[in-house]
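Here's the structure we're looking at; comments come further down.
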Amino acid sequence: MVILPVDFFHDVLCAWCYALSPRLRRLVDELKNKGIVLEVRHHCFALAPTSDDLVRMFGSKEWAKKEILSHWRAANVNSDEKCIRADLMETRTHDYPFSMPGLIACQAAAKQRGEEAHWDYFDRLQYTHLTECLDITQEEVLIYCAKEIGLDTERFVQNLHDEQTKKAVEADIALAREWGIGAVPALIIAQKWHVSGAQKTERLREIFHHVARERNEQRE
């Protein structure tokens, strides 16, 4: 058996992360049966921490939404599920969301059930954002997602407003800078191999097998 730590950096806003996450989940199950255990650790990465950052990057909230939805369409072509609803988001009247509320919520989920809850909540929040196209900066939406994955919502809200939860997000962002990560999705395998972008399942499988063989050879 070979154990491979996999650090998964992602943002709840990121349509490409929405394409990659289910592929990684499937490979966790598949490779376990072949003696390769992927220990996935989740880390927050803020593409647009605040609404002001969206304006700074795109010039206006309206232009930010238009530009970002073009990325949604490209990511949907890449995805296996084809459930990124740029057409629906175009009809929504709320501003395009920013990163921090959703990232803090992911860490609030992790305080209840660790990495498993972080991943489950991240995936559910991305579904809410990219398929249901709801405003994931709103607390009632964040609580709705917590309830959907079976979290204790009262405890979730407490953690959501705990300053230490925000600090956990900030620590992840600092780690991304330390490791030279400038975009997501990003996988760091065994703190050595850096895999960028929403790679296809076949390519990810090749990479994981290659790293596993290398680690086996090092042990011999």
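Some points to look at:
- Peptides 129-135, 30-36, ordered by how many other C-beta atoms sit within 10 Å of their residues on average, highest first, read 129-135, 30-36.
- Based on Cα contacts under 8 Å between residues 6+ apart, the stretch 57-146 shows a relative contact order of 28 percent.
- Residues whose amide H comes within less than 5 Å of that of Arg41, counting only those at least five positions distant or on another chain, are Val6, Asp7, Phe8 (H built at 1.01 Å from N in the peptide plane).
- For the stretch 1-75 versus the stretch 76-106, the inter-centroid distance based on Cα atoms is 12 Å.
- Farthest positive-ward along the chain dipole, Cα basis, beta-carbon charges - from Val28, Leu175, Ala212: Ala212
- Unpaired cysteine residues in the chain (no second Cys Cβ under 4.7 Å): Cys44, Cys83, Cys106, Cys133, Cys145.
- ³J(HN,Hα) computed for each position of the stretch 109-120 - Karplus, 6.51 cos²θ - 1.76 cosθ + 1.60, integer Hz, glycine/proline x: 5, 4, 5, 8, 9, x, 4, 4, 5, 4, 5, 4
- Relative contact order, percent, the stretch 1-135 [alpha-carbon distance under 8 Å, six or more residues apart]: 31
- Point-charge dipole on Cβ atoms (K/R +1, D/E -1) for the chain, about Cα centre, debye to 20: 620
- Computed over the alpha-carbon pairs of the chain, the distance histogram in 10 Å steps reads 8, 33, 36, 18, 4, 0 percent, short to long.
- For the stretch 69-114, the normalised intensity computed at q = 0.22, 0.23, 0.25, 0.31 Å⁻¹ comes to -0.87, -0.88, -0.89, -0.99 (log10 of I(q)/I(0), Debye sum over alpha carbons, equal scatterers, no solvent).
- Relative to the longest principal axis of the Cα atoms of the chain, the long axis of helix 15-32 lies at roughly 30 degrees.
- Taking amide hydrogens as placed 1.01 Å from N in the peptide plane, the amide H of Val2 sits under 5 Å from those of Ile36, Val37, each at least 5 positions away in sequence or on another chain.
- Normalised radius of gyration (Cα atoms, divided by 2.2 N^0.38 Å) for the stretch 1-64: 1.55.
- Candidates Tyr18, Tyr144, Tyr121: whichever shows maximal mean-square fluctuation once the chain is modelled as a Gaussian network with Cα springs under 10 Å: Tyr144
- For the stretch 17-98, the fraction of alpha-carbon pairs lying more than 14 Å apart is 71 percent, rounded to a whole number.
- A simple count of charges around Glu140, restricted to other residues whose Cβ falls under 15 Å of its Cβ and scoring Lys, Arg +1 and Asp, Glu -1, yields -3.
Every read-out reported here was derived from the displayed coordinates using simple, explicitly stated rules and does not represent laboratory data. Values in this document were obtained by computation on a predicted structure and should not be read as measured data. Note: ideal-geometry Cβ built from the backbone for every residue, glycine included; neighbour counts use all protein chains shown.
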